Amino acid sequence: MFVLSCMRTQGGRGLAVLYGVLLLLCATLVQAAPPSALEQERIAVVFPAATSVSDPQGQYGVRAIHQGEELLGYSFETISVLTTPAYSGKPMNMQVILGLDGTLLDVYVLWHDEPILLIGIPEQKLHDFAAEYQGIHVDKRVVIGRTKDESAVTIDAVSGATVTVMVLNEVVMNAAHTVAVELGLVEPSVQIKSKPATIHMDQFTPADWTTLVGDGSVRRMLLSFRQVDEAFVGTEAEGVDAVAESRLDDTFIDLYTADLTVPTIGRNILGERQYEQIMGELGEGEHAIMVVANGAYSFKGSGYVRGGIFDRIQLRQFGDIISFRDLDHFRLSDTYAAGMPDFHEMGIFIVRSQYEMDPGSPFDFELLVRRQTGPLDSMFVSFDLAYQLPESYINRPPLTKAELAAIAEANRPLWLQVWYQKSFQVGVLLAALVVLVGILFMQDFLARRPGLLHKIRIGYLSFTVLFIGWYALGQISVVNVFAFTHSFMGEFKWDTFLIDPIMFIMWSFVAISILLWGRGVFCGWLCPFGALQELINEAARKLKIKQYELPWAVHERLWALKYIILLGLFALSLDSIATAEKFAEIEPFKTAITLHFMREWGFVLYAVALLVINIFTRKVYCRYICPLGAALAIPTKLRLFDWLKRRKECGTPCQLCAVECEVQAIHPDGRIDPNECHHCLDCQVTYYNDDRCPPLVAKKKRRERTKAAPDAGKPQIIPAVELDAST
Ligand code: SF4
Ligand code: SF4
């Protein structure tokens, strides 16, 4: 963008050129950078005899490791291949050393920003985990924890760092496989094989050529010269073997293929005798593939005469290449299907048992078109024809439950694997949220039973601190708000949010609860730091420690502070999320909850100071500083209901609830400010208490007087001074 905008002005053109040169220089320096001391150290551990390590090559920056002239293996950094965010929201970077056969010889964590590992889990645990990959082939499936897939390799998770190691696993195995495919060490493999199907060999239906082509038993590939030319455009072979414009729409090849092993296909096309002959040539698990064609291009070519291998056709199933040698080829001269056209080139190719072809799964027939670009050099383009036998020809062995489960498990996306791994935490959290919804819906019932409500509240807050906060690490932060906002402004990906199930559930619940109740449900019940403050203050009150409140005018002005902090952080996040994250340390959450106070002393001092102030004034941090609270207060304006009951006497003249509200969320005029309310329900307890709520006290007294007075039933006049005295 910078270069483009400079180019629009004469004066800027020179600057743009300079900038471009600098960029190029930087890119070259980065590309040619030698391996770091740590990378070299790992390479020396794996290959002590290595004499040279190349500069990073290719799109993945792979270094070749040599001993003299001999190639020993390869090394690359996973960040050059995949940037999947881990628990911290940032990618980790591992150095992977690959053997020439595609075996992982070393995996080493070069860099990560995972806070979780600081919680009493030594860094070494992550290195020990990475070391478990030594000797695993890139084609293997590696599962963290247990699996029903018996072919998979399992590695134990690092307890407390499940998401981290699951992302590490995904990144290492996917990146290593990608690089190994790129280097030609392994074939691409994208599908999990299920049990091979078998063909119904006892079923035969007479059919003509049109029927066989129509029902998919025989598949066709029709290519014109134009299509072939277009496939070479932009390559060295563009224009090579070009035909005249007038011939561009002529047929290059009109090819048909079919699995003749199926009786309905084979017998109809080959006739009874020829079919029996071919079947006599097939061993267990082998298949006879028909290829017939007209057109200018020969699918057999002449390469097989010299090299013994057909170099213009091959099949591909599950990423495995199936090629044909001259011994796998049978001539086909006579065909018997009614209506079958004449073909000038025909052949039968045997898929040998070593390929373990599954007739029930699709395969690609690949036609390779080669063009000579030099005396020894050539280029080829592959044209694929998808082939899948009709279901009626196949018998699929039923899969056992374990096999079905293994296949389903192998195909689960990473985020779902994490959800399975964390199913206990997910289950408990969901159950706890259901309980909370129950409490909120029964708030009037509970408010009339203050003792029960108090016990429930203390129990729930303890659960929030211990389970949601310290165990499940579900403390949401203002940084999540920025990440969410930015992902909407850029490319939104659900996977990024689903990777941490606890945070995903918490955020989903917070979003719903804000719409229904406002921010108070989160701040009053689910925020681990908020709950920790409340429990500490509760203990302080029990110990009769004197409490202080700021005058309303000062308190009201200080509310604005948290919104200013939020705006400042948001402005910083527009420039860089990383910078905003640093300044977001104004939240003591990471120190007090995520890292269990195990951090540098400055952070610990700050968090402890906030908690100490809270002993004397409840939730000072929440009221005046918390940018997350401010961020949640903004959408609170959209809430659909007002659940907290008020009386006309609230505020004028009664101030009891306002005095009792421990976050001072009730205005002197009696209004509850939903942006500040923490939905603790204290005011609702007072609202229903006929020994405390002055209008109720007055009513009660009136009732009692009525009962006691001889002229019961007549209206009573209560002096206004009595009401004022009780407030
Ligand atoms: S104001 Fe902040 S710290 Fe307090 S409860 Fe709400 S989110 Fe938690
Ligand atoms: S006392 Fe009432 S107004 Fe104050 S925080 Fe609790 S529920 Fe909200």
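The values are calculated or read from the model by the stated rules, or taken from the named source; none is laboratory data. A quick note: this is a predicted structure, and the numbers were derived from the prediction, not measured. All Cβ positions, even for glycine, are placed from backbone atoms using ideal geometry, and neighbour counts span all protein chains on display. With ligands, DNA and RNA removed, areas are computed over all heavy atoms of the protein, side chains included. Shrake-Rupley method; radii C 1.70, N 1.55, O 1.52, S 1.80 Å.
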For this session: With the checklist (1) more than 16 Å from ligand 2 (Cβ to nearest atom); (2) under 26 Å from ALA540 (Cα atoms); (3) without any contact (Cβ under 8 Å) to a residue 60 or more places away in the chain in hand, flag the one item HIS596 doesn't pass.
Result: (3)
Problem set entry | Residue list for the stretch 222-280, restricted to those being at pLDDT below 90, more than 48 Å from the chain's Cα centre (by Cα) and of a type in the set (A, V, I, L, M, F, W, C) | VAL243, ALA244
Exercise. Could you count how many residues in the stretch 673-685 are open to solvent by less than 30 Å² (accessible area, probe 1.4 Å), part of a helix (DSSP H, G or I) and within 6 Å of ligand 2 (Cβ to nearest atom)?
Worked result: 1
Problem set entry | Qualifying residues in the stretch 325-357 (those that are β-branched (Val, Ile, Thr) and closer than 16 Å to TYR275 by Cβ) - the one nearest to the chain's Cα centre (by Cα) | ILE350
For this session: Go through the residues of the stretch 537-559 one by one and say whether even a single one is within 14 Å of ligand 2 (Cβ to nearest atom) and closer than 15 Å to LEU628 by Cα.
Result: yes
Problem set entry | Scan of the stretch 495-514 for residues that are under 15 Å from the mean Cα position of the chain (by Cα) and touching a residue at least 60 places away in the same chain (Cβ under 8 Å), ordered by number | ASP495, THR496, LEU498, ILE499, ASP500, PRO501, ILE502, ILE505
For this session: Would you be able to say whether some residue in the stretch 208-220 is in contact (Cβ under 8 Å) with a residue 24 or more places away in the chain, farther than 30 Å from SER333 by Cβ and open to solvent by 80 Å² or more (accessible area, probe 1.4 Å)?
Result: no
Exercise. If you scan the stretch 673-686, which residues turn out to be of a type outside the set (Asp, Glu), within 16 Å of ligand 1 (Cβ to nearest atom) and more than 17 Å from GLU538 (Cα to Cα)?
Worked result: PRO674, ASN675, CYS677
For this session: Considering (1) assigned to a loop (DSSP other than H, G, I, E, B); (2) within 16 Å of ligand 1 (Cβ to nearest atom); (3) surrounded by fewer than 21 Cβ atoms within 10 Å (Cβ to Cβ), say which one GLU549 fails and leave the rest.
Result: (2)
Seminar exercise, completed: When (1) within 13 Å of ligand 1 (Cβ to nearest atom); (2) surrounded by 22 or more Cβ atoms within 10 Å (Cβ to Cβ) are applied to TRP517, the one that fails is (1)
Problem set entry | Filtered residues of the stretch 611-622 (kept if more than 9 Å from ligand 1 (Cβ to nearest atom) and touching a residue at least 40 places away in the same chain (Cβ under 8 Å)) | LEU611, ASN614, ILE615, PHE616, THR617, ARG618
Exercise. Quick one: in the stretch 82-115, which of the residues that are of a type in the set (Asp, Glu) and touching a residue at least 60 places away in the same chain (Cβ under 8 Å) is surrounded by the most Cβ atoms within 10 Å (Cβ to Cβ)?
Worked result: ASP106
For this session: State yes or no: is LEU640 open to solvent by 40 Å² or more (accessible area, probe 1.4 Å) and closer than 23 Å to PHE441 by Cβ?
Result: yes
For this session: Starting from the stretch 525-540, keep only residues that are within 19 Å of LEU681 (Cβ to Cβ) and part of a helix (DSSP H, G or I), then list their pairs with residues that are acidic (Asp, Glu) and within 15 Å of ligand 2 (Cβ to nearest atom) whose Cβ atoms are within a distance under 8 Å, requiring at least 6 positions of separation or different chains.
Result: ASN537/GLU662
Exercise. Residues ILE593, ILE625: which one is within 11 Å of ligand 1 (Cβ to nearest atom), open to solvent by 30 Å² or more (accessible area, probe 1.4 Å) and within 34 Å of the chain's Cα centre (by Cα)?
Worked result: ILE625
For this session: Give ILE289, ILE265 a once-over and let me know the one that is touching a residue at least 40 places away in the same chain (Cβ under 8 Å), of a type outside the set (S, T, N, Q) and within 15 Å of PHE324 (Cβ to Cβ).
Result: ILE289
Problem set entry | Test result for ALA540, in contact with a helix residue (DSSP H, G or I) (Cβ under 9 Å, 6 or more places away or on another chain) and within 16 Å of ligand 1 (Cβ to nearest atom) | no
Problem set entry | Filtered residues of the stretch 392-437 (kept if surrounded by fewer than 17 Cβ atoms within 10 Å (Cβ to Cβ), of a type in the set (Ser, Thr, Tyr) and farther than 23 Å from LYS493 by Cα) | SER392, THR400
For this session: Could you identify the single residue in GLY651, GLY602, GLY670 that is within 11 Å of ligand 2 (Cβ to nearest atom), over 17 Å from GLY530 (Cβ atoms) and either among the hydroxyl-bearing types (Ser, Thr, Tyr) or surrounded by fewer than 20 Cβ atoms within 10 Å (Cβ to Cβ) (or both)?
Result: GLY670
Exercise. Looking at this structure, is VAL663 free of Cβ contacts under 8 Å to residues at least 24 places away in the same chain and within 11 Å of ligand 1 (Cβ to nearest atom)?
Worked result: no
Problem set entry | Any helices (runs of 4 or more DSSP H) falling wholly within the stretch 379-479 and containing at least 1 residues that are within 30 Å of THR84 (Cα to Cα) and within 21 Å of the chain's Cα centre (by Cα) | 401-410, 414-421, 423-441
Seminar exercise, completed: Of the residues in the stretch 67-81, those that are under 19 Å from the mean Cα position of the chain (by Cα) and either open to solvent by 50 Å² or more (accessible area, probe 1.4 Å) or more than 30 Å from VAL418 (Cβ to Cβ) (or both) come to ILE79, SER80
